[in-house]
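Asker: Got a structure here, written out as C-alpha cells. Questions coming.
The values are calculated or read from the model by the stated rules, or taken from the named source; none is laboratory data. Being a predicted model, the structure only gives us computed values, none of them experimental. Don't worry about glycine lacking a Cβ; one is built from the backbone with ideal geometry, like all the others, and counts go over all protein chains shown. Just so you know, the surface numbers come from the protein's heavy atoms only, side chains and all, with ligands and any DNA or RNA stripped out. Shrake-Rupley method; radii C 1.70, N 1.55, O 1.52, S 1.80 Å.
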Amino acid sequence: MTRKKQIYYYSLVLFLVLVGLRFGQLMWQQQQILSHLQKQAKQLRHKQAIAKASQPKVKQVVAKSTITKASETSHQFFNLAYNWSSGSDYKKRITKIKQAKLVTSQVLANDYLFPEVGGTADYIDNNGLKSSVVQVAYYPKATNDDQTSGVVGVAVNAKHDSDVGNGETRYYYFNIDYQISDNQITSLDYVGRLAVNQSTDFNTFNPYE
C-alpha cells in the first residue's frame, strides 16, 4: 500500500470514527431529552392525581366549616334568646341579639320567638321565673360553600321559685337557614315540640325520619 493510500485509508477511518462518536452523542442527547420529558410527564400526572384527589376533600372541609359555623351561631342565638332570670333580662334579648348580628331583621320579627305580650316581664319577676338553655343541636340537610339549611333542636328548662325540683325541660325544633358570608341565620321557623313519647335526647333525635 502506497503512502498516499495509507493516508487516505487512515483519514477515512478517522472520519468514520468521528461520525460514529457524533452519532452516539446525538443519540445520547436525545435519550436524555426523552428521559427528561418522560419524568416531567410523570410528575405532571402525579400532581394532577393529587389535585383531583384533594378537590373533594377541600369541598368537604369547606362544607364542614359551614355546618360548624351554623351550629355555633345557633348556640349563640338561642342562648341569648332563651337564657334569662328576670324581666329586665327578658326585655333586653332583642337588643343583645341585634348587637351580636347573629340573625336578619326578618328573624327578629318572628312572633313565636319574640311575642309582643304586655306584662310578661312583670310576670317573670313576680313569679321568679327563670329560663335556661340546656342543649342546642343542629341537623344539616343541604349544605354548600356559602350556606346551609336544616333543623335546629333546642332544649329549654323553665323553673319558678315555687317549683319543687328542677322545673320542666321542653324540646323545641325549628327549620333554619344560615349564610356563612354574613355569619347570620337568615330564616328560622318554629316546627313544633317533641311529644312525650318521642326521644328527648337530641344526640339520637333524627328530624328527617
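Asker: Identify, from the list SER162, SER181, the residue that is under 33 Å from the mean Cα position of the chain (by Cα), of a type in the set (S, T, N, Q) and either at pLDDT below 90 or surrounded by fewer than 16 Cβ atoms within 10 Å (Cβ to Cβ) (or both).
Answerer: Just one listed residue meets the conditions, SER181.
Asker: Among the candidates ASN110, ASN83, which residue alone is within 24 Å of VAL134 (Cβ to Cβ), open to solvent by 40 Å² or more (accessible area, probe 1.4 Å) and in contact with a strand residue (DSSP E or B) (Cβ under 7 Å, 6 or more places away or on another chain)? Talk me through it step by step, then tell me what you get.
Answerer: Values: ASN110 fails: open to solvent by 40 Å² or more (accessible area, probe 1.4 Å).
When all the criteria are applied, what remains is ASN83.
Listed here are the residues, each with its yes/no results for (1) in the same structural domain as VAL156 (by the TED database); (2) outside any helix (DSSP H, G or I); (3) among the charged types (D, E, K, R); (4) open to solvent by 50 Å² or more (accessible area, probe 1.4 Å).
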position: THR73; (1), (2), (3), (4): yes, no, no, no
position: GLN76; (1), (2), (3), (4): yes, no, no, yes
position: ASN79; (1), (2), (3), (4): yes, no, no, yes
position: TYR90; (1), (2), (3), (4): yes, no, no, no
position: ILE94; (1), (2), (3), (4): yes, no, no, yes
position: LYS98; (1), (2), (3), (4): yes, no, yes, yes
position: ASP125; (1), (2), (3), (4): yes, no, yes, yes
position: VAL134; (1), (2), (3), (4): yes, yes, no, yes
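Asker: Go through (1) among the hydrophobic types (A, V, I, L, M, F, W, C); (2) assigned to a helix (DSSP H, G or I); (3) modelled with pLDDT of 85 or more for ALA49 and report which single condition fails.
Answerer: Of the numbered conditions (1) among the hydrophobic types (A, V, I, L, M, F, W, C); (2) assigned to a helix (DSSP H, G or I); (3) modelled with pLDDT of 85 or more, the odd one out for ALA49 is (3).
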